[in-house]
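Notes to accompany the following structure.
The values are calculated or read from the model by the stated rules, or taken from the named source; none is laboratory data. None of the values given here were measured: they were computed from a predicted structure. Cβ atoms come from the backbone with ideal geometry, glycine included; neighbour counts cover every protein chain shown. For accessibility, only protein heavy atoms count, side chains too; no ligands or nucleic acids. Shrake-Rupley method; radii C 1.70, N 1.55, O 1.52, S 1.80 Å.
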Amino acid sequence: MSQPYVVRYVGGPLDGRVDSLPSTPDDPKQTVTYVHLHGGPKIVHLYDLSYAVEYGCEYRLRAGEVETAEEA
């Protein structure tokens, strides 16, 4: 029996989110884009892949890279 592969998110609106995958992905995405929709403008957050011994991998919020629909 194999252990699930755990993906954690650090920072931004996804901070603390944990996803479990059935196995290690062959080619994990280097960047995850999260689009935050609400009553105001669309806000885009970018998370970059980093590896953590304890968890498998983490996606960390890219500092200073938040953009709104008006900027895009």
* Check on Y9, under 19 Å from L61 (Cβ atoms) and surrounded by 10 or more Cβ atoms within 10 Å (Cβ to Cβ) -> yes
* Members of the stretch 37-72 found to be at pLDDT below 80, open to solvent by less than 70 Å² (accessible area, probe 1.4 Å), within 22 Å of S20 (Cα to Cα) and among the hydrophobic types (A, V, I, L, M, F, W, C), listed by number -> A52
* To do: Just give me the residues in the stretch 8-27 being within 15 Å of A52 (Cβ to Cβ), of a type in the set (A, V, I, L, M, F, W, C) and either under 9 Å from the mean Cα position of the chain (by Cα) or modelled with pLDDT of 95 or more (or both), in sequence order.
  => V10
* Structure fact -> Among the residues of the stretch 1-49, the number that are small (G, A, S) and under 17 Å from G64 (Cβ atoms) is 2
* Asked: Considering only the stretch 12-36, how many residues are in a strand (DSSP E or B) and either surrounded by 15 or more Cβ atoms within 10 Å (Cβ to Cβ) or among the small types (G, A, S) (or both)?
  -> 4
* Applying the selection to the stretch 18-67, what residues are of a type in the set (D, E), farther than 11 Å from V7 by Cα and without any contact (Cβ under 8 Å) to a residue 12 or more places away in the chain? -> D26, D27
